[in-house]
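Engineer: Quick one: the structure is below, questions incoming.
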């Protein structure tokens, strides 16, 4: 039998505000345990939570970016549960009236398939604290620094059919939110987290199978492996005539296996009710319009523009536009030099190459647009040729702090030689030293010209101007 | 009786508290009294009152400004079990 996997995602994203959602404690990651806490975020009796205005702005921005309908009337609700990651014993969330509904995100997978993923809703809520479980003495330590850090939860429709699509969606959301500056979406720091609802069904079937929910997924790779593992587990179970149990499962990334949580942990009854401490939030048309006006250009639009305006190939354009950092480096350097062609040459040829070769992430590139521009101006003059340019570029790219381009060129004798007499004498010497090849040339094998050019370049330490070398090699050979 | 024995047991389980049979009996009695008392409010005619409990109050915000947090010793001061940096609770996972 042929099966298809049906996946829906709940993605939690921490919003990059300075202070927490309902109190003035810092949202900074890390910090000694329980040092970013106050009576409000530790749930002391008699305290009053007040919504951070910027959380609402960021949330609405995210909702608009994901093509959602922003809801005018907003309320918060209490989600009650007794687990020590939340000292109040309830999480302030939005159940009945989420601020955004009915969105969609267009994704393109690695294999080039483009499709839309529906967004069911997005709601605002507060993050919970962190628990550190002791290995030895049967205790759990609590750290409430993260309690009250603002979150949005993006609930997708069950529109995914593969791990590929899930990863493409997460990368898309990460890229959009980075552009907007509303979250850094760092999975390893927990600022972007993902729960996966997964079921399998016979291909062609219209009804959904029983789903399981996987929590604790904190890397793209982990998500991909967890999805493959769970889909295969469900198919095996069905083939063996077993029933899929609707349950919450944990993914153990180290062991590469998922397992069901005890059924008691599965008992979910959150006893939601409207949060009486927070008055209704009305999102006016003015607010929505103000946010729309302030929206930056997104990766999709940028990539299209890079392709049309600067002649980047579609793939290269998407790669550059997909990272805010790379896009800024590219655009700023183009602006400073007015030479998009040359910037494109070094960006695609060298930056992409070096990122790959040295395993450097876009956000870790230290090269500034100013230095890149200075380099481009030198490289596009006759001062250095492309070969020398590559040497300079790599040295500059790897340690751009106080890098001295001019000094480096001089120290390493990389200046281009375009002195006709010097080059001509090198050409003559190469011709004299290679009588056999000269014979081949004279017998009509003109492709050996390339050999002579190569030898002359070598003889001049790679510094001769290739055009001049070409010209003089041909001239000298024709004299024979 | 609005609160049954089953409901008391269920609520205790949700709240992660253990109740003896005697405690359950007491709890059931007290909760029922409480809920009955709450029902007094049903006697008020609210047909002309807007459903919105907040009246005119809406859009209460604070600006995104960081203020100093509490000293950790103060955060932990009322805890029954703690070490120098965290609250200590019974282990929550196996």
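We did not get these values from a lab; they are worked out from the coordinates using the rules stated. Computed from a prediction, not measured in an experiment: that's the story for all the values here. As a convention, Cβ positions derive from the backbone with ideal geometry for all residues, glycine included, and neighbour counts pool all protein chains shown.
Engineer: What whole number of Å gives the distance from the Cα centroid of segment A:177-192 to the Cα centroid of segment A:1-62?
Structural biologist: Comparing the Cα centres of segment A:1-62 and segment A:177-192, I get a distance of 12 Å.
Engineer: At what distance in angstrom do the alpha carbon centres of segment A:330-371 and segment A:218-247 lie from each other?
Structural biologist: Answer, in whole Å: 41.
Engineer: If you take the beta carbon distance between residue A:67 and residue A:314 as r and set R0 to 30 Å, what does 1/(1 + (r/R0)^6) give as a FRET efficiency, to the nearest 0.05? The partial results should precede the final answer.
Structural biologist: Values: r = 23 Å, r/R0 = 0.76.
Plugging the Cβ-Cβ distance into 1/(1 + (r/R0)^6) gives 0.85.
Engineer: Continuing with this model, one more query. Can you give me the relative contact order of segment A:420-479 as a percent, contacts being Cα pairs under 8 Å and 6 or more apart? Could you put the intermediate results ahead of the total?
Structural biologist: Working: 43 pairs, mean separation 26.8, N = 60.
Normalised by residue count, the contact order of segment A:420-479 is 45 percent.
Engineer: Nearest 10 degrees, 0 to 90: what angle lies between the long axis of helix A:220-239 and the longest principal axis of chain A (Cα atoms)?
Structural biologist: 60
Engineer: Counting pairs of alpha carbon atoms under 8 Å apart in space and at least six apart in sequence, what relative contact order in percent does chain A give? Intermediate values should be presented prior to the final figure.
Structural biologist: Values: 806 pairs, mean separation 65.2, N = 480.
It comes to 14 percent, rounded to a whole number.
Engineer: Quick one: order B:20, A:333 by neighbouring beta-carbon count within 10 Å, fewest to most.
Structural biologist: Working: B:20 8, A:333 26.
Least to most surrounded, the residues fall as B:20, A:333.
Engineer: Quick check: the distance between the Cα centres of segment B:1-62 and segment A:65-99, to the nearest angstrom?
Structural biologist: 21
Engineer: Moving on to the next point. Quick check on the protein assembly as shown: of the DSSP beta bridges with both residues there, what percent are antiparallel, nearest 5%?
Structural biologist: On the way: 60 of 66 bridges.
Counting only bridges with both partners in the protein assembly as shown, antiparallel ones make up about 90 percent.
Engineer: A further question on this structure: Mind pulling the angle between the C-alpha long axis of helix A:449-459 and the longest principal axis of chain A? Nearest 10 degrees, somewhere in 0 to 90.
Structural biologist: On a 0 to 90 degree scale, this one is about 80.
Engineer: Something else about it: For A:443, B:47, what's the fewest-to-most ordering of other Cβ within 10 Å of each Cβ? Intermediate results must be reported in sequence, preceding the final value.
Structural biologist: Working: A:443 8, B:47 5.
Arranged by neighbour count, lowest to highest, A:443, B:47 become B:47, A:443.
Engineer: What spacing in nm lies between the two simple spin-label points modelled at residue A:210 and residue A:422, each 7 Å away from Cα in the Cβ direction?
Structural biologist: Taking the two extended label points, one gets 8.1 nm.
Engineer: Still on this model: From the square roots a ≥ b ≥ c of the eigenvalues of the alpha-carbon gyration tensor of chain B, which class results: rounded (a/c under 1.5), prolate (a/b over b/c), or oblate? Intermediate results must be reported in sequence, preceding the final value.
Structural biologist: On the way: a/c = 3.10, a/b = 1.12, b/c = 2.76.
Oblate, because a/c is 1.5 or more while a/b does not exceed b/c.
Engineer: Can I ask one more? Could you calculate the FRET efficiency of residue A:261 with residue A:137 from 1/(1 + (r/R0)^6), where r is the beta carbon distance between them and R0 is 22 Å, rounded to 0.05?
Structural biologist: Given R0 = 22 Å and the Cβ-Cβ separation, E is 0.45.
Engineer: What is the Cα coordinate range of segment A:50-105 on the first, second and third principal axes, sorted by size from largest, in whole angstrom?
Structural biologist: 36, 22, 21
Engineer: Please state the Cα pair-distance histogram of segment B:1-43 with 10 angstrom bins from zero: what percent is in each bin?
Structural biologist: 28, 50, 18, 3
Engineer: With the cut-off at 44 Å, report for chain A the share of all Cα pairs above it, as a whole percent.
Structural biologist: Numbers: 38189 of 114960 pairs.
Looking at chain A, the distances longer than 44 Å represent 33 percent of pairs.
Engineer: Angle, helix A:386-398 long axis vs. longest principal axis of chain A, Cα atoms, 0 to 90°, nearest 10?
Structural biologist: 30
Engineer: Something else: When the helix-only estimate is applied to chain B (DSSP H runs of n ≥ 4, each -39,500 (n - 2.57), divided by the residue count), what is the mean residue ellipticity at 222 nm, nearest 500 deg cm²/dmol? Intermediate values should be presented prior to the final figure.
Structural biologist: On the way: 3 runs with 33 residues, N = 94.
The helix contribution divided over chain B gives -10500 deg cm²/dmol.
Engineer: Listing A:228, A:465 from the residue with the fewest other Cβ atoms within 10 Å to the one with the most, what is the order?
Structural biologist: Details: A:228 14, A:465 19.
Fewest-to-most ranking of A:228, A:465: A:228, A:465.
Engineer: Grab the beta carbon distance between residue A:336 and residue A:293, set R0 = 30 Å, and tell me the FRET efficiency rounded to 0.05.
Structural biologist: Working: r = 28 Å, r/R0 = 0.92.
Calculated transfer efficiency: 0.65.
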